[in-house]
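Data block below; observations after.
The values are calculated or read from the model by the stated rules, or taken from the named source; none is laboratory data. Worth saying up front: this structure is predicted, and the values here are computed from it rather than measured. With ideal geometry, Cβ positions are generated from the backbone for all residues, glycine too; neighbour counts draw on all protein chains shown.
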Amino acid sequence: MKKKILTSVIITVLFALVIITSSFFALVSMQEVDNTRNILINYNSIMANWKEISKESVNLLRINGNIIDVTVTNKDGKVIFDNTQEGKTVDLNCKEYASIGRDNIGYFEGYSPYYKKDMIFSTLRLGDGTIIRSGVPVGTLDVLYSKNISYYLGVLAVVFVLSIALALKLVRIIIDPVKNLEYVSSKIANGDLQTRIEITSNDELGYLGMSFNNMADQLQSKINEVMDKQNKLESILKSMQSGVIAVDKEDSIILLNPYAKKILGINKEVVGLKLKDVMYKKLYNEILLEEYDTAKEIKVKSPVRRILRVKKTWIINGYEKIGIVISIQDVTEMKRLENMRTQFVANVSHELKTPLTSIKGFAETLRFVEDTETRDKFLDIIDKESERLRRLIDDILVLSNLESRSSEDLIEFYPEEVIEDALNILEDHAKRKNIKLIYHSNNNDKILGHNDKFLQLVINLVENAIKYSDCDKEVLIESSSDDEYYTFRVKDNGYGIPKEDLPRIFERFYRVDKSRKGGGTGLGLAIAKHISKSFGGDIKVESEFGKGSEFTFKVKHL
């Protein structure tokens, strides 16, 4: 742009100089012609006063160093003197003579057929009819005197240099703000929205700069608004516990939130790719290719076994469908809980039905029994079944309470105090089977939780060890801690647990067949598992069938 402006200015200056110079030359030429005419008139007047016109005296009269052509004719038109050619005749009706006016002076400028060139003539008619004509060729006029040529050229050079300097200054005045505008525009385009143009003038360029700054302010405001909305949308999508997938009409992914990536097992950026290229074929066919209006549950095996609830909706822009948004929920855990709830109800019904049936049967039989011994036996059975029913209901209530209480006040306590209380409670039970409780402790750290729950966990584990051990055995109880964890361990030498039953030992109402004679409810270990989770810890079991079991509760200490 700078070159274009500079070139345009130089061309304009040169054109102006040519016009001015041409006009100057024309003016000077006209002035020179006018001066030449006046000189010729003066020369005619001078020659009119001579007594005798001679060639020598006429040749002394010069214009710009050139001899003038002088012709003197009488009233009849006969040439009586000519300094260039003797004996010639003239036509008094030609233009040179026809131009003589009332003042006896004539002037002619133009082409002369006689001389065959452009001439300037001045004529003077004397009283006796004699006509003096003097003239010079136009080409002999010095429009520019040699002494003034250098002056003319110097003026032109100065004008040209000043014009170039002014053009450069003008270019700088115009180009510098434009360059600044270009620089600021590039910085804004590269993300620097804080850059603004410095306003240095109140002309059109200054107004352009102010308009650009205002535009940049509006752009920054709009971009900040869009970014704020985008960040909010991304935060919402990231925090959603549902997968969201948006694709256009060509099946290209527009949006995919982190939860959807987790569900589909995607660990790379896939926006812009085809959905069928990042989702395995069966799931893709069930989600996009099948037609359904309501939510649909789909079982998938990859990357892990899940049950997904999928719903898709058209993305509509005005009246045009531009894509599909798909919401995916992982309902695996919910389905598992529903199944557990169903199984729990069934198990509770079964477990309650057994003692209730016994109680009802023996109660009805007592109406017809008159033998005191038989009646006492039936009453003992009813009492045991009632106690079994009470324990079952108590365990169900405890388990329900553990599952429903999501938060509670936690306290810091020493586990040893709780363990000693539990051992005192179970001491008589152990003595009835002649089982020795051996307790070791090397812990000095507190744990955070609920001491009543920890008491119940200890009682459940130690009571199970006593219940499923033969008489005259030992139960080892250990309480210890290392740099990070507190550990409570119960080891017995009882029946042990078959290997195939170990994965399900903490399920509700699950009991190993060989342990049924103990009369347990099947909820003790499930309760212990829930308690360990409430402490933020874990409980594990190691067992060998016929040799005994070892239960370990582990949690971080304070």
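If the condition is being touching an Asp or Glu at 6+ places or on another chain (Cβ under 6 Å) and more than 19 Å from Asn83 (Cβ to Cβ), then segment 109-127 contributes only Tyr111. With the requirement that a residue be more than 15 Å from Glu544 (Cα to Cα), more than 60 Å from the chain's Cα centre (by Cα), surrounded by 19 or more Cβ atoms within 10 Å (Cβ to Cβ) and among the aliphatic types (A, V, I, L, M), what does segment 460-499 give you? Once the filter is applied, which keeps residues that are more than 15 Å from Glu544 (Cα to Cα), more than 60 Å from the chain's Cα centre (by Cα), surrounded by 19 or more Cβ atoms within 10 Å (Cβ to Cβ) and among the aliphatic types (A, V, I, L, M), segment 460-499 yields Val462, Ile466, Val475, Ile477. Considering only residues that are surrounded by fewer than 14 Cβ atoms within 10 Å (Cβ to Cβ) and β-branched (Val, Ile, Thr), look in segment 243-300 and name the one that is modelled with the highest pLDDT. This residue is Val271. Taking residues in segment 432-450 that are closer than 19 Å to Glu550 by Cα, and partners anywhere that are among the charged types (D, E, K, R) and buried (at least 17 other Cβ atoms within 10 Å of the Cβ), the pairs with Cβ atoms closer than 8 Å and at least 6 places apart or on different chains are Ile435/Lys473; Lys436/Lys473; Tyr439/Glu478; His440/Glu478; Ser441/Glu478. Among the residues making up segment 155-168, a single one is within 15 Å of Ser8 (Cβ to Cβ) and exposed (fewer than 13 other Cβ atoms within 10 Å of the Cβ): Leu166.
Number of residues in segment 225-242 that are surrounded by 15 or more Cβ atoms within 10 Å (Cβ to Cβ) and under 21 Å from the mean Cα position of the chain (by Cα) equals 1.
Among the residues of segment 432-459, those that are under 18 Å from Leu410 (Cβ atoms), buried (at least 20 other Cβ atoms within 10 Å of the Cβ) and in contact with a strand residue (DSSP E or B) (Cβ under 9 Å, 6 or more places away or on another chain) comprise Ile447, Gly449, Phe454, Leu457, Val458. Can you tell me which residue in segment 163-200 is farthest from Met227 (Cα to Cα), limited to those that are polar (S, T, N, Q) and free of Cβ contacts under 8 Å to residues at least 40 places away in the same chain? If we take residues in segment 163-200 being polar (S, T, N, Q) and free of Cβ contacts under 8 Å to residues at least 40 places away in the same chain, then Thr200 is farthest from Met227 (Cα to Cα). Scanning segment 97-151 for residues that are modelled with pLDDT under 85, in contact with a strand residue (DSSP E or B) (Cβ under 9 Å, 6 or more places away or on another chain), outside any loop (DSSP other than H, G, I, E, B) and among the aromatic types (Phe, Trp, Tyr) yields a total of 4.
Among the residues of segment 201-210, are any out of contact with any Gly (no Cβ under 7 Å at 6 or more places or on another chain), without any contact (Cβ under 8 Å) to a residue 24 or more places away in the chain and in a loop (DSSP other than H, G, I, E, B)? Yes, that holds for at least one residue.
Which residue pairs have Cβ atoms closer than 8 Å, lie 6 or more positions apart in sequence or on different chains, and pair a first residue in segment 234-258 that is on the phi < 0 side of the Ramachandran plot with a second residue that is of a type in the set (Asp, Glu)? Close Cβ pairs (under 8 Å, with a partner that is of a type in the set (Asp, Glu)) amount to Gly243/Asp330; Ile254/Asp248.
Scan segment 50-71 and give yes if some residue there is exposed (fewer than 12 other Cβ atoms within 10 Å of the Cβ), outside the structural domain of Arg172 (by TED's automatic domain parsing), among the charged types (D, E, K, R) and modelled with pLDDT under 75, otherwise no. Scanning segment 50-71, I find no residue that is exposed (fewer than 12 other Cβ atoms within 10 Å of the Cβ), outside the structural domain of Arg172 (by TED's automatic domain parsing), among the charged types (D, E, K, R) and modelled with pLDDT under 75, so the answer is no. A count restricted to segment 412-431 and to residues that are touching a residue at least 60 places away in the same chain (Cβ under 8 Å) and surrounded by 13 or more Cβ atoms within 10 Å (Cβ to Cβ) stands at 3.
Taken together, the residues in segment 25-56 that are part of a helix (DSSP H, G or I) and touching a residue at least 12 places away in the same chain (Cβ under 8 Å) amount to 17. What about Val226, is it closer than 28 Å to Ile316 by Cβ and touching a Leu at 6+ places or on another chain (Cβ under 8 Å)? In short, no. Checking each residue in segment 424-438 for being more than 12 Å from Ala465 (Cα to Cα) and part of a helix (DSSP H, G or I) picks out Asn424, Ile425, Glu427, Asp428, Lys431, Arg432.
Only residues that are touching a strand residue (DSSP E or B) at 6+ places or on another chain (Cβ under 6 Å) and within 20 Å of Thr332 (Cβ to Cβ) were counted across segment 245-267, and they come to 5.
Just one of the numbered conditions (1) modelled with pLDDT under 90; (2) within 29 Å of Phe509 (Cβ to Cβ); (3) not in a loop (DSSP other than H, G, I, E, B) is not true of Cys471: (3). Test each condition in (1) modelled with pLDDT of 80 or more; (2) more than 25 Å from Leu153 (Cβ to Cβ) for Lys4 and report the one that comes out false. With respect to (1) modelled with pLDDT of 80 or more; (2) more than 25 Å from Leu153 (Cβ to Cβ), Lys4 is out only on (1). Within segment 100-113, the set of residues being surrounded by 13 or more Cβ atoms within 10 Å (Cβ to Cβ) and under 12 Å from Pro137 (Cβ atoms) comprises Glu109, Ser112. Can you find a residue that is of a type in the set (Asp, Glu), out of contact with any Leu (no Cβ under 9 Å at 6 or more places or on another chain) and assigned by TED's automatic domain parsing to the domain that holds Thr84 anywhere in segment 168-185? There is no residue in segment 168-185 that is of a type in the set (Asp, Glu), out of contact with any Leu (no Cβ under 9 Å at 6 or more places or on another chain) and assigned by TED's automatic domain parsing to the domain that holds Thr84. Residues in segment 190-242 that are at pLDDT 80 or above and of a type in the set (A, V, I, L, M): Leu208, Met210, Met215, Ala216, Leu219, Ile223, Val226, Met227, Leu233, Ile236, Met240.
Flag: Gly191 does not match the condition of being of a type in the set (Gly, Ala, Ser) and in contact with a strand residue (DSSP E or B) (Cβ under 7 Å, 6 or more places away or on another chain).
Considering segment 182-216, the residues that are more than 19 Å from Leu170 (Cβ to Cβ) and charged (D, E, K, R) include one that is surrounded by the most Cβ atoms within 10 Å (Cβ to Cβ), namely Arg196.
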